[in-house]
1. How high is the relative contact order of the range 236-367? Use alpha-carbon pairs under 8 Å, at least six apart in sequence, and give a whole percent.
2. Taking the number of other C-beta atoms within 10 Å as the exposure measure, put 352, 121, 329 in order starting with the fewest.
3. With contacts defined as alpha carbon pairs under 8 Å and 6 or more residues apart, what's the relative contact order of the range 8-160 in percent?
4. For the range 328-375, just run the numbers: alpha carbon Rg, then divide by 2.2 N^0.38 Å, N being how many residues it has.
5. Which three lengths, in whole Å and largest first, does the range 38-100 cover when its Cα atoms are put on their principal axes?
6. Test of understanding: ordering 343, 81 by Cβ neighbours within 10 Å, fewest first, what list do you get?
7. For the range 33-90 and the range 335-375, what is the centre-to-centre distance using only Cα atoms, to the nearest Å?
8. Jot down the radius of gyration and Dmax of the range 8-160, Cα atoms only, both in angstrom.
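Where a number appears in this text, it was derived from the coordinates with a stated rule and is not lab data. Treat the numbers as computed from the prediction; the structure is a model and nothing was measured. Using ideal geometry, Cβ is built from the backbone for each residue, glycine included, and neighbour counts are taken over all protein chains shown.
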């Protein structure tokens, strides 16, 4: 898969603003309470979706309108006939987004609470849970809004200033090659998506695709197979006399070992995959990629040699996972997870850490010293 990179808008502002407001709601209404129950979460999901849609729509539309007026809209973008049937007016589109995302948020949260038996949550776990789902929701709404407004019926070529055409096209040619997605096994799907300037962010088609569901299915089944193997080695899986396999629940005391094993596999496969993809981009782009290179001291301290970088990332993920997994279970009051709960839990965890990790790795690969070392 390719993740198209185009200059359009810095969406970090929209996400941070909406997350801050949604966390403010938690402090205002739940600070002195005993927490929330199932019904409270569903009502909060509905309100959160509406608030997030309003704020994100206003920020995205205002930003893109300014870019279009300045002739800085992308010259090439994924085209969707479905998106072009949706309203162009932000108020009408906002209503559509609010209804759709409210229904999805309520449904997904209801499913999660039921599956993991989180009928009640005290203030601390509720705040963390709200932070996670509000961030994911905001990112998805921003992607959806941007994808609507980069469609040619709104962002057509007549709004692009003539003097910016050549520069934008050169930018696109270099950056589009950096969107090679890296899929690792056991299904630690990390995206090697580059951001080469402050105004450059990954733009993609956020509409559900069959391939996405296949990846989700592969992710879950891959983790199930891995857990059976690890359980057999560590004694967590027992074969009975009749040939059936019983897999014991994962306890909060035993999950750090799973975190170390998961971190080792993830760190090696993900880092190798991203570095391999970026090396191909650097070689094929030639000297043109140096035009987008940066020198960020927050990234250049990381090794530029592949072996050392893989070791650094792998050790970091191992240590972080060994601490984070039991901490999450403690926070949500789960002394153990059954086999299916653990499979979903580790799949979601992998998705959450692999995306930012891929982002950091790609940013490291876009530093001038790394590019020169690979060329």
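1. Working: 118 pairs, mean separation 58.3, N = 132.
Relative contact order of the range 236-367: 44 percent.
2. Numbers: 352 14, 121 24, 329 20.
Lowest to highest Cβ neighbour count: 352, 329, 121.
3. On the way: 158 pairs, mean separation 72.0, N = 153.
For the range 8-160, the relative contact order is 47 percent.
4. Details: Rg = 17.5 Å, N = 48, 2.2 N^0.38 = 9.6 Å.
Dividing the Cα radius of gyration by 2.2 N^0.38 Å gives 1.83.
5. So the three principal-axis extents are 47, 24, 18 Å.
6. On the way: 343 23, 81 8.
In increasing order of surrounding Cβ atoms, one gets 81, 343.
7. Between the Cα centres of the range 33-90 and the range 335-375 lies a distance of 26 Å.
8. Cα-based Rg and Dmax for the range 8-160 come out at 17.4, 57 Å.
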